[in-house]
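A short worksheet on the structure shown next.
The values are calculated or read from the model by the stated rules, or taken from the named source; none is laboratory data. Computed from a predicted structure; not experimentally measured. FYI the Cβ positions are ideal-geometry reconstructions off the backbone, even for glycines, and counts take in every protein chain you see. Calculation scope for accessible area: heavy atoms of the full protein, side chains included, ligands and nucleic acids excluded. Shrake-Rupley method; radii C 1.70, N 1.55, O 1.52, S 1.80 Å.
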Amino acid sequence: MDRYLVGFNINDIPYEHYDVIIIGSGIAGVYTALQTDKNVKVAVITKETLDISNSVLAQGGIAVSLDKDDSPECHFKDTIYAGAGLCNEETVWALVSEAAENIDILCRYGVNFDRAENNKLALSREGAHSKNRIVHTGDATGKEVCDTLIHALLKHENVKIYERTFAIDIIAENRKCIGLLTFMEDLNGFKLFLSESVVCASGGYGQLYYNTTNPPVATGDGIALAYRAGLRLMDLEFIQFHPTVLCHPENRSFLISEAVRGEGAVLLNAKGERFMPSYHPMAELAPRDVVSRAIFQEIQKTRSSHVFLDISHKDREYVENRFPTIYRTCMQYGIDITKDKIPVAPAAHYSMGGIMTDAYGRTGIDGFYACGEAACNGIHGANRLASNSLLEGLVFGRRIAIEVSNRVLNGTKHKTVAPELLNVEKVSSEPLENVNVLKLKLRKLMTEKVGIVRDEENLQEAMKRVLEMKQEISGKAYTTIEQWEFVNMLTLAELVIKSALMRKESRGAHYRSDYPQTDDINFKVNTII
Ligand code: SIN
């Protein structure tokens with residue numbers, strides 16, 4: 001694999017200096033920028049516009065132990081249980097013990113969470129939580145949080161936003177970060193951001209799959225660029241499939257929040273039978289991997305494309321008010337959720353794996369940090385507990401913001417001068433064509449062969465076809481964002497398959513029909529470099 005995605009001569013590229021560069025404008029990126037000291041000069045780089053991210057689409061909410069019967073210890077236990085033996089206890093404890101202070105900060109920014117009658121934050125339930133602890137804004141929590149934070153960020157004079165700017169590769173020397181090479185659509189050219197601190201909050205890689213709740217931007221670019229820079233990736237085999245995604249001929253990506261099950265919705269198979277109680281004692285509120293696999297099996301058993309989610313027994317007005325987005329969206333497809341059963345099937349939703357970091361977002365390159373879905377610090381283990389992901393962006397984004405601010409303000413930075421001799425040659429006259437066709441082919445392959453249930457034969461076949469695709473594009477010129485995204489996706493597909501082949505057991509979201517047991521003796525975290 002080449003160290004750089006593109007050919008360039010560093011001396012030909014316009015550059016600018018910043019104290020901190022943040023890649024990504026989801027909750028992790030925006031919150032890190034907001035929490036960075038106002039005397040620190042920050043650039044936020046985002047591939048599309050500021051308001052496009054996976055975080056914006058989050059429906060359920062943010063997990064935090066606020067109830068008098070709840071505690072960070074209890075949230076810790078639930079997170080560890082869902083993570084199926086692979087969580088890192090240090091980072092999980094950071095997550096749950098710092099949750100309340102970060103929710104408080106969100107409230108001070110003006111996030112309008114739903115309130116109970118006593119004006120305390122309303123708390124709902126989601127899968128594998130033993131208490132009600134999800135703060136939410138109807139069924140559009142991600143949008144409310146992101147809109148509020150973006151609004152606040154736009155008032156920060158120390159932060160400059162660069163939209164339609166694609167992060168290509170980091171520049172580092174002697175394992176120290178120097179900056180980031182980008183492509184700016186508005187300039188139609190490269191731009192170099194020189195900085196001692198780069199924070200990668202660029203999101204996950206749900207777009208590796210054909211059916212996904214993720215927006216088209218989720219192509220794992222930040223994770224792939226970290227890998228090219230020689231950084232270690234971790235837990236890539238664990239892809240979370242959300243159990244209940246609308247399954248309608250015109251829409252296979254709209255999430256039906258787990259909070260709907262939290263409010264009492266039941267799952268029925270194509271014959272109208274409730275099945276979850278026979279799979280897990282927590283029934284519809286079992287961990288997500290368990291529910292997705294159960295649905296997968298019911299779909300196969302009944303030779304259907306979907307199962308049904310039914311909340312029609314609840315009061316109509318309550319359902320309309322509690323889930324206005326879901327109600328309105330389903331109505332567009334002729335489904336009245338207050339009386340009709342909703343056709344649903346699992347779809348790729350969240351990448352547990354990513355750039356390996358410690359509890360402060362640090363990586364193997366000094367000054368290069370990662371947080372949010374792009375990072376992996378072991379809080380999710382083999383299966384993420386519902387509504388821990390926005391929380392992850394907050395807790396670890398803030399930790400990074402404090403660290404990079406201290407570095408800058410205490411003057412411990414290293415020099416950020418572009419290396420004079422960096423000239424990367426890539427000579428090819430043959431353009432890479434039909435990249436959207438290739439993307440689709442890859443996404444179908446991953447869905448078919450590297451989905452909810454895996455085995456050696458299918459994984460080997462997937463690997464063979466990914467390597468063929470790599471061969472097919474090798475030596476060609478990649479010059480557009482779509483082409484760079486595809487190369488990044490192909491890199492990650494190969495690494496996901498490699499990790500899935502390495503894990504010869506079933507654990508959390510990684511289920512192997514040829515190794516159905518959990519191997520509690522030889523198991524370990526998979527890392528790839
Ligand atoms: C949901 O609302 O079901 C999604 C929440 C999450 O992914 O944690």
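Conditions tested, residue by residue: (1) away from the ligand (no atom under 16 Å from the Cβ); (2) modelled with pLDDT under 95; (3) touching a strand residue (DSSP E or B) at 6+ places or on another chain (Cβ under 6 Å).
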{"site": "Gly364", "(1), (2), (3)": "yes, no, no"}
{"site": "Gly381", "(1), (2), (3)": "no, no, no"}
{"site": "Leu391", "(1), (2), (3)": "no, no, yes"}
{"site": "Ala401", "(1), (2), (3)": "yes, no, no"}
{"site": "Leu409", "(1), (2), (3)": "yes, yes, no"}
{"site": "Thr412", "(1), (2), (3)": "yes, yes, no"}
{"site": "Thr416", "(1), (2), (3)": "yes, yes, yes"}
{"site": "Ser429", "(1), (2), (3)": "yes, yes, no"}
{"site": "Asn434", "(1), (2), (3)": "yes, yes, no"}
Response to the item:
Considering segment 339-353, residues that are more than 12 Å from the ligand (Cβ to nearest atom) and within 13 Å of Val266 (Cα to Cα), and then whichever is surrounded by the most Cβ atoms within 10 Å (Cβ to Cβ), we arrive at Ile342
Discussion item. Can you tell me which residue is farthest from Lys131 (Cα to Cα) among those in segment 35-64 that are away from the ligand (no atom under 16 Å from the Cβ) and out of contact with any strand residue (DSSP E or B) (no Cβ under 8 Å at 6 or more places or on another chain)?
Written reply: Asn39
Discussion item. With the structure loaded, tell me whether Val307 is touching an Asp or Glu at 6+ places or on another chain (Cβ under 8 Å) and more than 29 Å from Ala375 (Cα to Cα) or whether it fails that test.
Written reply: yes
Worksheet item: If you scan segment 250-286, which residues turn out to be open to solvent by less than 20 Å² (accessible area, probe 1.4 Å) and part of a loop (DSSP other than H, G, I, E, B)?
Response: Ile256, Ser257, Ala265, Asn269, Phe275, Ala286
Worksheet item: Could we say that Glu126 is out of contact with any Leu (no Cβ under 6 Å at 6 or more places or on another chain), within 16 Å of the ligand (Cβ to nearest atom), modelled with pLDDT under 95 and of a type outside the set (Gly, Ala, Ser) here?
Response: yes
Worksheet item: Which condition breaks for Thr32 when tested against (1) touching a Ser or Thr at 6+ places or on another chain (Cβ under 8 Å); (2) open to solvent by less than 10 Å² (accessible area, probe 1.4 Å); (3) within 25 Å of Ile223 (Cα to Cα)?
Response: (1)
Practice prompt. Tell me which residues, restricted to segment 71-99, are charged (D, E, K, R) and either buried (at least 18 other Cβ atoms within 10 Å of the Cβ) or in contact with a Cys (Cβ under 7 Å, 6 or more places away or on another chain) (or both).
Written response: Asp78, Glu98
Worksheet, complete the sentence: Here the residues within segment 18-71 that are under 19 Å from Glu185 (Cβ atoms), in a loop (DSSP other than H, G, I, E, B) and of a type outside the set (A, V, I, L, M) are Gly24, Ser25, Thr46, Lys47, Glu48, Thr49, Asp51, Ser53
Item to complete: Considering only segment 111-126, state which residues are open to solvent by less than 70 Å² (accessible area, probe 1.4 Å) and within 18 Å of Asp69 (Cα to Cα).
Response: Ala116, Leu121, Ala122, Leu123, Ser124, Glu126
Worksheet, complete the sentence: The correct count of residues that are open to solvent by 10 Å² or more (accessible area, probe 1.4 Å) and either in contact with an Asp or Glu (Cβ under 6 Å, 6 or more places away or on another chain) or under 19 Å from Gly508 (Cβ atoms) (or both) in segment 360-376 is 2
Response to the item:
Cβ pairs under 8 Å, 6+ apart or interchain, first in segment 100-111 and of a type in the set (Val, Ile, Thr), second open to solvent by 60 Å² or more (accessible area, probe 1.4 Å) and at pLDDT 95 or above, ordered by first then second residue, are Ile103/Leu66
Practice prompt. Would you tally the residues in segment 319-358 being of a type in the set (Phe, Trp, Tyr) and without any contact (Cβ under 8 Å) to a residue 24 or more places away in the chain?
Written response: 1
Discussion item. Looking only at residues that are open to solvent by 80 Å² or more (accessible area, probe 1.4 Å) and not in a loop (DSSP other than H, G, I, E, B) in segment 1-17, which one is farthest from Ile171 (Cα to Cα)?
Written reply: Asp12
